[in-house]
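Let me begin by presenting the structure, written as structure tokens, before commenting on it.
Here, each number is a calculation from the coordinates, and none is a lab measurement. Just so we're clear, the structure is a prediction, and the values are computed from it rather than from any experiment. When we count neighbours, we look across all protein chains shown, and the Cβ atoms used for this are built from the backbone with ideal geometry, even at glycine.
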Amino acid sequence: MIKGYTVQEATHKLEQFCAYQERCHKEVEEKLRGMRMIPQAIDQIIVHLIDQNYLNEERFAQSFARGKFNIKKWGKNRIMHELKARHISPYNIKTALKEIEDTDYLKTFNELSQKRLAQISEKNPQKKRKKLADYLLYRGWEHQLVYDKIYELIP
């Protein structure tokens with residue numbers, strides 16, 4: 001049997017959910033749907049969470065961008081794509097990407113490129129370039145940055 005929740009119980013549960021880590025509206029809505037809440041209750045709870053500052057899309061986007069860049073070494077393209085998938089507004093995406101300092105961004109990109117190149121055992125320079133490019137592009141680094149770096153590292 002599936003447990004039903006009152007609006008108060010669901011609100012309390014979602015306050016804890018949002019307090020544990022930053023969440024976006026989409027995650028909260030999915031969680032409430034999973035709890036089988038009706039649309040009116042979902043709207044009411046989301047408004048409460050925003051009013052009480054448990055839910056803040058701008059704060060979520062900034063935290064997400066910082067975390068994915070610092071921990072997973074993602075580029076701005078990948079971060080932007082992931083935020084769009086979470087229905088974050090273009091304004092908040094732009095604000096979030098400002099959290100990443102240009103000097104840190106380039107430093108991380110250079111370190112990541114060097115580290116990955118050292119791991120590639122391919123002898124053919126063309127295949128080596130492709131492997132490095134695929135890796136960096138998958139991680140969301142800008143095309144121009146990637147191709148300039150590849151031809152610098154693998155002449």
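Take the residues in segment 39-79 that are over 12 Å from the mean Cα position of the chain (by Cα) and outside any helix (DSSP H, G or I), then tell me which one is surrounded by the fewest Cβ atoms within 10 Å (Cβ to Cβ). Don't jump to the end; show me each part of the working.
First, pick out the residues of segment 39-79 that are over 12 Å from the mean Cα position of the chain (by Cα): 39-59.
Going one step further and asking which of them are outside any helix (DSSP H, G or I), we end up with 52-56.
Working: GLN52: 11, ASN53: 9, TYR54: 19, LEU55: 24, ASN56: 18.
The selected residue is ASN53.
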Selection count where residues are assigned to a helix (DSSP H, G or I) and either touching a residue at least 24 places away in the same chain (Cβ under 8 Å) or aliphatic (A, V, I, L, M) (or both), scope segment 119-137: 7
Residues of segment 81-103 satisfying the condition of being crowded, with 19+ Cβ neighbours inside 10 Å and without any contact (Cβ under 8 Å) to a residue 24 or more places away in the chain: LEU83
Qualifying residue in segment 55-62 (condition: out of contact with any Pro (no Cβ under 7 Å at 6 or more places or on another chain) and either closer than 15 Å to LEU14 by Cα or in contact (Cβ under 8 Å) with a residue 60 or more places away in the chain (or both)): yes
Qualifying position, being within 30 Å of LEU32 (Cβ to Cβ) and in contact (Cβ under 8 Å) with a residue 24 or more places away in the chain, among GLN114, GLN44: GLN44
